[in-house]
Amino acid sequence: MKDRLLDLLACPTCGGDILLAYASKYDGKEIIEGVLTCKKCDREYKILRGVPRFVDLGKIEEDKAATAENFGWQWTNFTQEDPKYNEQFLGWLQPVKREFFAGKVVLEGGCGKGRHTKLAAEWGAADVVGIDLGDGVESAFALTRGLPNVHIVQCDIFKLPLKKAFDYAFSVGVLHHTPDPKGAFVSLAGKVKKGGNISAWVYGAENNEWITNYVDPVRTGFTSQISQPLLYQLSKLPTLGVFLTTKLVYRPINAASKGVANKLFYNEYLNHLGTFGWREQHNIVFDHLVAPTAFYISKTAFAEWWKEISAEDVEITWHNENSWCGFGRIENSK
């Protein structure tokens, strides 16, 4: 943790300023071990392995704990980077461009292994705070600790230990894995300053009926309940099917004839998936099977989220014909 993060922190219980009580271990400008304290209510929060910890996983709701455990394992084992992440990230944030980040104080709701946190920092953000509930913060910190403008925080998205101090907040692929996606979105938006912006990408209900009807029962009843190392091995089988199909069918047909390709099942997404190699495709298949909780959001429901936060100039985009991207400006001063 870097000292400058203190300017952005607030007690998740009372909203008071957070102070550094003491630091017992430094690595350059990073505080590796120490204790934070609330100026108002005197609660204390530990800094462990460079990450301030504002949550006790032993005391949170069962569904949140299960999600934190499953995704935490994922992001400490799928730590690879891919040059296609840049394009993929901007696809989820559309219409945002990389130059949009310049000089902004940015909040990422659910940073996973930190790949998007890192990109936002490299694209010129003044500061980027990546938050997550699970052990993925360990990987995120390891990936970004050399960047002076990145801060990783372990916390609950519904109880953010942050001030209303951000120019931009975004959440990619996280909100639909929380117990209350809309509530998580509203909580994230609550940390954006008046005139700031927010982006969100979520699974769409439209065109995903085959997942909700056939894949979800397997996920909820079996794959999210078994051990993550076992699922890691078992998920290689469906990954093999996806990998061969995308590489030998979807990519060649899309290259030869878009007219024919557009008649293929789930073409936009599977053609896009075919641009990735085995490791990333395995990660994506594992991701769909490991989640204890997953919601698929209709466009109508998603539009209501933006009304809830009184956002203006809202743009909602259909992405890969299976998900929704949203972007808007916050003008209320709540």
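Which one of these is buried (at least 21 other Cβ atoms within 10 Å of the Cβ), among the hydrophobic types (A, V, I, L, M, F, W, C) and assigned to a helix (DSSP H, G or I): W324, W306? Let's see the steps before the verdict.
Numbers: W324 fails: assigned to a helix (DSSP H, G or I).
So the residue among W324, W306 that is buried (at least 21 other Cβ atoms within 10 Å of the Cβ), among the hydrophobic types (A, V, I, L, M, F, W, C) and assigned to a helix (DSSP H, G or I) is W306.
May I ask you to verify whether A169 is buried (at least 24 other Cβ atoms within 10 Å of the Cβ) and outside any loop (DSSP other than H, G, I, E, B)? Here the answer is yes, as A169 does meet what is asked.
Every residue, every condition in (1) in the same structural domain as D313 (by TED's automatic domain parsing); (2) among the aliphatic types (A, V, I, L, M), yes or no:
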position: F170; (1), (2): yes, no
position: P179; (1), (2): yes, no
position: V192; (1), (2): yes, yes
position: W210; (1), (2): no, no
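Confirm whether G241 is under 23 Å from P217 (Cβ atoms) and either without any contact (Cβ under 8 Å) to a residue 24 or more places away in the chain or not assigned by TED's automatic domain parsing to the domain that holds P83 (or both). Yes: the conditions hold for G241.
Cβ-Cβ contacts under 7 Å between residues 6 or more apart (or on different chains), taken from a first residue in the stretch 4-17 that is assigned to a loop (DSSP other than H, G, I, E, B) to a second residue that is of a type in the set (G, A, S) and at pLDDT 95 or above, are listed as L8/A165; G16/A10.
Per-residue answers, yes or no, for (1) polar (S, T, N, Q); (2) at pLDDT 90 or above:
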site: E33; (1), (2): no, yes
site: G58; (1), (2): no, no
site: N70; (1), (2): yes, no
site: W75; (1), (2): no, no
site: A126; (1), (2): no, yes
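Answer yes if at least one residue in the stretch 280-290 is crowded, with 19+ Cβ neighbours inside 10 Å, touching a Gly at 6+ places or on another chain (Cβ under 7 Å) and assigned to a helix (DSSP H, G or I), and no otherwise. No - not one qualifying residue is present in the stretch 280-290. The C-beta contact set for the stretch 293-317 (first residue of a type in the set (G, A, S), second residue assigned to a loop (DSSP other than H, G, I, E, B), distance under 6 angstrom, 6+ apart or interchain) comprises S298/A205; S310/N332. Going by the structure shown, is V202 of a type in the set (V, I, T), crowded, with 18+ Cβ neighbours inside 10 Å and not in a loop (DSSP other than H, G, I, E, B)? Judged against the criteria, V202 is a match.
Any residue at all in the stretch 275-282 that is among the small types (G, A, S) and closer than 30 Å to S310 by Cβ? It would help to see each step written out before you state the result.
Initial filter on the stretch 275-282 (among the small types (G, A, S)): 277.
Next, from what is left, pick out any that are closer than 30 Å to S310 by Cβ: none.
No; the residues of the stretch 275-282 include none that is among the small types (G, A, S) and closer than 30 Å to S310 by Cβ.
Just one of the numbered conditions (1) part of a helix (DSSP H, G or I); (2) surrounded by 13 or more Cβ atoms within 10 Å (Cβ to Cβ); (3) at pLDDT below 80 is not true of D82: (1). Scanning the stretch 145-199 for residues that are more than 18 Å from F71 (Cβ to Cβ) and of a type in the set (V, I, T), we see that the one that is farthest from the chain's Cα centre (by Cα) is V192.
Just one of the numbered conditions (1) outside any helix (DSSP H, G or I); (2) modelled with pLDDT of 95 or more; (3) among the polar types (S, T, N, Q) is not true of S187; which one? For S187, the failing item is (1).
Does the stretch 142-163 contain at least one residue that is among the aliphatic types (A, V, I, L, M), part of a helix (DSSP H, G or I) and buried (at least 24 other Cβ atoms within 10 Å of the Cβ)? Please lay out each step first, then the result.
Let us first name the residues in the stretch 142-163 that are among the aliphatic types (A, V, I, L, M), namely 142-143, 147, 150, 152-153, 157, 160, 162.
Still in the running and part of a helix (DSSP H, G or I): 142-143.
From what's left, buried (at least 24 other Cβ atoms within 10 Å of the Cβ): none.
For the stretch 142-163, residues among the aliphatic types (A, V, I, L, M), part of a helix (DSSP H, G or I) and buried (at least 24 other Cβ atoms within 10 Å of the Cβ): absent.
Tell me, yes or no, whether the stretch 19-31 has at least one residue that is in contact with a helix residue (DSSP H, G or I) (Cβ under 9 Å, 6 or more places away or on another chain) and among the basic types (K, R). Yes, that holds for at least one residue.
The values are calculated or read from the model by the stated rules, or taken from the named source; none is laboratory data. Computed from a predicted structure; not experimentally measured. Note: ideal-geometry Cβ built from the backbone for every residue, glycine included; neighbour counts use all protein chains shown.
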